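What follows draws every value from the coordinates through simple rules; no lab data is involved. Since we're looking at a predicted model, the values are computed, not measured. Because the Cβ atoms are built from the backbone with ideal geometry, glycine has one as well, and the counts that use them run over all protein chains shown.
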Amino acid sequence: MIGYYISLAIRSLRGTPILSALMIAAIAVGVGASMTVLTLNYMMSQNALEHKDKVLYAVQLDSWDPNQAADTANEIPWQLTYPDAVALLRSDIPTRQVAMHRFGFTVNLDESDMRPFTANTRVTTRDFFSLFDVPFEYGGTWNKEADSAAVQSVVLSKETNEKLFGGENSVGKVVQLNGEPFTVVGVLKHWNPSPKIYDLNNNPFADSEELYIPFGLHRKYEIYSWGNTNGWTSSAPEGAEGYERFLLGEHVWIQFWVELDSAEQKEAYEQFLTGYIREQKEQGRFERPLKFALSHPSEWLVLNEVLGNDNRVLGWASLAFLLVCVVNAVALLLAKFLRKAPEAGVRRALGASRNAIFTQHLIESSCIGVLGGLLGIILALAGLTGIRALAMGQVDQIATMNWEMMLAAVGLAIFASILAGLYPAWRISRTNPSVYLKTQ
Amino acid sequence: MLKMHNIRKSYRTDTIETHALRDFSLEVNEGEFVSVTGPSGSGKTTFLNIAGLLETPTGGQYLLDGQEVGNLSDRDRSRLRNEKIGFIFQGFNLIPDLNLFDNIDVPLRYRGFNAKERRRRIEKSLEQVGLSARAKHLPAQLSGGQQQRVAIARALAGEPRFLLADEPTGNLDSLMARQVMELLEFINEWGTTIVMVTHDPDLARRAQRNIQIVDGQVSDLRQSIAQPEIASA
Ligand SMILES: Nc1ncnc2c1ncn2[C@@H]1O[C@H](COP(=O)(O)OP(=O)(O)OP(=O)(O)O)[C@@H](O)[C@H]1O
Ligand SMILES: [Mg+2]
């Protein structure tokens, strides 16, 4: 019977092409607009670490200006100073911990005529890969000692390895970073979470780094940050000059994450942080009230306003727009169905039940929904392409539709059109057939 | 076949209540051909609609084939209508954007027959009304008389035992009217019970029994009782 209804629906739609086109367009425009916005919102609020959300924490310490709170959502600086990061790394409470920041190297190969290129680099402790579940294709992370001593090891992203070594196992090979030899210890599989949850301070939708080097190299190469570096005072420990003055100063530029697998661990770590801040206060630092924060990835996304209020409002506005489109479709459908009421009357006389008439008309509006949904996907894809063009590469990863979102779009369209068809179909199925069977 | 006892039907609009049928009683036997006449607005169509389960009476008792149909659900009423009753209207009421084949297909679809059985019945009933060659035509491409024959074919395709016709010849000239009447008589001879509303006294007289409805009631009580000797003739 469904097949019969669908063939009737198609016949009916073809019978009134302009009206049908209008209804399909109404649904498509509504679905297209809301799917564009919802896709952006959905992609923005992805949590790549959902499965570890309960055990991971971004660490914040309030080492900021005694006269003025830090300008962040929770009034604690997003990042840590280098000395604090190094001090926290000494704790053996966390199962894993990562201190890191963004940097860049010029890369080339010995005896190769490949042009040197600049590569986004992450300077990090070795636990980065295991803490954030970064998969390796070849090799693995560097030794523990490289987190504090200058060991010239490097992990390549899959894409960098393809660029440099054509994708083969390059573990043990040497690449030149700023003219210095680094030994490849690992090659990653493709890994590019978006939003880039481990580093929301520098464009959360940028690609992941191309290189990863150990945290112990700062002094040897005088590594500054390529990410945000914020300070409130230029004071530094006595006698520190040049790079040392930067490294030991009060600017925040190191991102810090820990994995705490149990409640006891977390409590112990909180005590450790409290103790550390107290100790620093005695030495004249941390002059603000004692404050630190441990945020789960999901909380970190909210705190950093990756999905801003504007996006949320836009999301609701787009759904309201869809509702307007649905209401329009209801009016058009009602007009169309009532015009066809005599036919429904005949069908009733010939043995169709109210349910049969209702189903027939609901299927007709669902067909409009499917067509509107498909067209809506095309409109949403066009909208997202437009957004990508406007944002010039800043949002490539989020302004794309995956299969789930496309299915959601068709689902939304069918839902919208069933919603739109419900009342007209009900009306037509309730009307007394005899009224329409009178002499024509 | 049909037994109505004290059927009432009233229509209520905001201010006025119209009594379309009042204490309406009638019996029709299996195989009868009954014609119904009466002034305009007397309740003839209302009677047919109730008989055909398109409308529910406000009160009274209606037995179709011995079955009390007053309390049936819409689904059951629709099934009975589909299986036992055929309708023919003055306005033909063919579905304009379906060809003849698909028009006749409609009741068979609701009956749930498979494609082969539907095709067999459609072809057979088109043949009965002499329109086999026109299966792919749209209703608008036929004359009024031909359209009414298609409507009859559609009503017959499900092989109903009971055919209800509301002024089937009202829109036709006298020649075509006679053709349609002959077709109905032929159908009746093959056993189908027919109740036909008509304004034409000549046609009314050709039926085995004529009842007259005046003011929502059968005017002569003797008419409302089926006459066995005629029914079995
Ligand atoms: N849906 C309705 N709502 C209100 N009143 C109605 C409705 N249908 C019929 N009536 C009234 O019921 C009465 C009987 O109507 P019905 O259609 O049965 O008459 P009829 O005998 O078929 O007349 P005609 O010969 O003109 O077709 C009329 O007074 C009519 O106005
Ligand atoms: Mg009438």
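Exactly which GluC sites (Glu not before Pro) in the range A:185-243 are in a DSSP loop and have at most 13 other Cβ atoms within 10 Å?
Answer in residue order: A:GLU222, A:GLU238, A:GLU241.
Panel note: the C-alpha atoms of the protein assembly as shown, placed on their principal axes, show extents of 129, 57, 38 Å (largest first). Debye sum, Cα scatterers, the range A:1-157, no solvent: what log₁₀ I/I(0) at q = 0.13, 0.18, 0.20 1/Å? Here the Debye-derived log intensity ratios amount to -0.87, -1.32, -1.38.
Expressed as a fraction of 2.2 N^0.38 Å, the C-alpha radius of gyration for the range A:212-366 is 2.18.
To one decimal place, what orientation-averaged projected area in nm² is obtained for the convex hull of the Cα set of the range A:50-303?
Average projection, Cα convex hull of the range A:50-303: 13.6 nm².
As a proxy for reagent exposure, ranking A:LYS173, B:LYS116 by other Cβ atoms within 10 Å from fewest up yields B:LYS116, A:LYS173. Once the Cα atoms are used to define both axes, helix B:115-128 deviates from the longest principal axis of chain B by about 80 degrees. Three semi-axes describe the equivalent ellipsoid of chain B; taken as square roots of 5 times the Cα gyration tensor eigenvalues and ordered largest first, they are 28, 20, 18 Å. Calculated mean residue ellipticity at 222 nm for chain B: -11000 deg cm²/dmol, from DSSP H runs with n ≥ 4 weighted as -39500 (n - 2.57), summed, divided by the residue count and rounded to 500. The mean sequence separation of alpha-carbon pairs under 8 Å and at least six residues apart, normalised by the residue count of chain A, gives a relative contact order of 29 percent. Relative to the compact-globule scaling 2.2 N^0.38 Å, provide the ratio for the alpha-carbon radius of gyration of the range A:282-357. Against the empirical 2.2 N^0.38 Å value, I get 2.55 for the range A:282-357. Three principal axis extents of the range B:86-209 based on alpha-carbon atoms, in descending order, are 42, 30, 20 Å. Past 20 Å, Cα to Cα, is the threshold; run A:LYS340/B:LYS116; A:LYS144/A:LYS291; A:LYS163/A:LYS220; A:LYS158/A:LYS196; B:LYS3/B:LYS44; B:LYS84/B:LYS124 against it and keep the listed order. Check vs 20 Å cut-off fails for A:LYS340/B:LYS116; A:LYS144/A:LYS291; A:LYS163/A:LYS220. Using the empirical formula 2.2 N^0.38 Å as the baseline, the Cα radius of gyration of the range B:17-68 reaches a ratio of 1.17.
Per residue, chain A reaches -15500 deg cm²/dmol at 222 nm when only DSSP H runs of four or more residues are counted, each adding -39500 (n - 2.57). Can you tell me what percent of all Cα-Cα pairs in the range A:27-67 are more than 15 Å apart? Within the range A:27-67, distances greater than 15 Å cover 67 percent of Cα pairs. Could you give the distance between the Cα centres of the range A:227-303 and the range B:123-147, to the whole Å? So the separation of the two Cα centres works out to 90 Å. For the range A:50-303, DSSP calls about 80 percent of its internal beta bridges antiparallel.
Normalised by residue number, the volume inside the convex hull of the Cα atoms of the range B:166-231 is 93 Å³ per residue. In straight-distance terms, cross-link reach from A:LYS173 covers every one of the aspartates and glutamates whose alpha-carbon lies under 14 Å from its own, apart from those fewer than eight places away in the same chain; here that gives A:ASP110, A:GLU111, A:GLU162. Each DSSP beta bridge with both residues in chain B is either parallel or antiparallel, and the antiparallel ones are about 50%.
Kirkwood analysis of the range A:288-440, using all unique Cα-Cα pairs, places the hydrodynamic radius at 19.0 Å.
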